[in-house]
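The values are calculated or read from the model by the stated rules, or taken from the named source; none is laboratory data. Given the structure is predicted, the values throughout are model-derived calculations rather than measurements. Cβ placement follows ideal geometry from the backbone for every residue including glycine, while neighbour counts extend to all protein chains displayed. For the accessible areas, the whole protein counts, side chains as well, though only heavy atoms, and no ligand, DNA or RNA atoms are used. Shrake-Rupley method; radii C 1.70, N 1.55, O 1.52, S 1.80 Å.
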Amino acid sequence: MDISADQMRDRFPQLTRHMSRDQRLVLIEYLDARPVSADDRLIQDGQPVDEMFLVWAGRLTIVLNFDQQDLIVGSVGPGAWVGETAVMDPGPACATVVSADDGVVLALTTESFSSLEKKHPVIASLILQVFSKGLASRLRASNQLLLDVLSQDEQRNAVSIRERDWVRRIGEHLTGIRD
Amino acid sequence: MATLMQLLQTIPQFADFNQSELTAFEKAFRVDIFSDGHVFMNEGEHADSMYLILEGDVEIRRRRKSKAGYALIDRKHAGELFGIISLINSEKHGATAIAVGSVQVASLPQSAFELLFDTHAPIALHFQRLIARQLARDLRRFNRALRAAVQTEDPRATISTYRQG
């Protein structure tokens, strides 16, 4: 699949905002376009993961797996990305990501990103800036929401954990569905 | 007193930094020792620096809404950064950071952080990677803590588990 620099800019404006046309073309070289079908599992919660995915077309559903049941946090569509924590710090995945329908994702492996860092440090730096800002926002929002939950809990003297609504809401921030 | 260079060489997070990178950091950072209870940053105040702990511990606290006092969110140790979230996003501090016992920190003002990017791009990228890695680890830690809370059916367990790492 051929992707132009302009298409990359239009599909991922936040990620490519400070990139020149040439830089966008370089980035495209490091991405692996993959068609996905409905129910394809791209990332498994708790399992080692060494790549992230930019959503080119279609939607991805994000699920937190608990012992007793799964919690669907929400879904992301074109222009969004998932799994960037793995690129920044390889380790177990924080959530399961499943394709909701047929689509296309652009995979960026940790190996590709390391290579990008060595050969094109400025582009890698621009990407890290965007990812870091996103992670920082998610951490702050998750913390704030948790404190709000605890505060409400103290006032009501009742734990609403069985409803799991607060878990879902924190999950939205943790996984980046809601900033 | 050990130099910043000597201290950085003992911190695992800096193990893959080369000599010239460490030298650039030594020039950009300012090293100070603070006594117990020192407030490095206050929740709600404008952010102007980030900090690297060289020795000692720092508590991260947030004000409670429902009652007086603070909730202890996290405890940072040698080799960890704090103050990065607000500096990265140009926001006010979302938490208060307080020294626990004597603490030696290296501080990097925002202006020096930006200068590092302008003048030493590869070094700045390496440091940026360090920041991103810590953010990713903190997020993963929060995720684990959330699961612990669900298992114990107690939202308060999220914070206590998060603190434990």
message: Of the candidates B:L52, B:L146, B:L116, which one comes out as most mobile in a Gaussian network treatment of chain B with C-alpha springs shorter than 10 Å?
response: B:L146
Sequence of B:E45, B:E91, A:E117 from largest to smallest accessible area, 1.4 Å probe: B:E45, B:E91, A:E117
statement: Residue-ordered couplings for region B:44-52, obtained by feeding phi - 60° into the Karplus form 6.51 cos²θ - 1.76 cosθ + 1.60 and rounding to whole Hz (Gly and Pro as x), are x, 8, 5, 8, 9, 8, 10, 10, 10
query: Chains B and A: what accessible area do they bury, summed, in square angstrom to the nearest 100, with a 1.4 Å probe?
result: 4200 Å²
query: For region B:121-141, which residues drop by 40 square angstrom or more in accessible area between the chain on its own and all protein chains together (1.4 Å probe)?
result: B:L125, B:Q128, B:R129, B:A132, B:L135, B:A136, B:L139, B:R140
message: Using amide H atoms built in the peptide plane, which far-off residues or other-chain residues are under 5 Å from A:V73 H to H?
response: A:I62, A:V63, A:L64
- request: Using packing as a proxy for protection, rank A:132-140, A:26-34 so that the peptide with the highest average count of other Cβ atoms within 10 Å comes first.
  value: A:132-140, A:26-34
- request: Would you please give the residues with an amide H less than 5 Å from that of B:M41, counting only those at least 5 places away or on a separate chain, with H modeled from the backbone geometry?
  value: B:A97
field: Distant-in-sequence amide H partners of A:A100 (H built 1.01 Å from N, under 5 Å)
entry: A:D39, A:R59, A:L60, A:T61
field: Sum of -39500 (n - 2.57) over DSSP H runs of 4+, divided by residues of chain B (222 nm, nearest 500)
entry: -13500 deg cm²/dmol
task: Please list B:H93, B:H77, B:H46 in order of solvent-accessible area, largest first, computed with a 1.4 Å probe with all protein chains present.
output: B:H46, B:H77, B:H93
- prompt: Which distance in nm do the two modelled labels at A:I72 and B:V100 give, with both placed 7 Å along the Cα-to-Cβ direction?
  reply: 4.2 nm
field: Surface accessible to a 1.4 Å probe, per residue, for the residues of the protein assembly as shown, Å²
entry: 45 Å²
- prompt: Based on the Cβ-Cβ distance of B:D16 and A:A38, what FRET efficiency does E = 1/(1 + (r/R0)^6) give at R0 = 45 Å, to the nearest 0.05?
  reply: 0.60
Per-residue HN-Hα couplings for region A:76-84 [Karplus 6.51, -1.76, 1.60; θ = phi - 60°; Hz; x = Gly/Pro]: 10, x, x, x, 9, 9, 9, x, 5
task: Indicate the helices, whole DSSP H runs only, in chain B that combine a mean Kyte-Doolittle hydropathy of -0.5 or more with a Cα extent along their long axis of 15 angstrom or more.
output: B:121-152
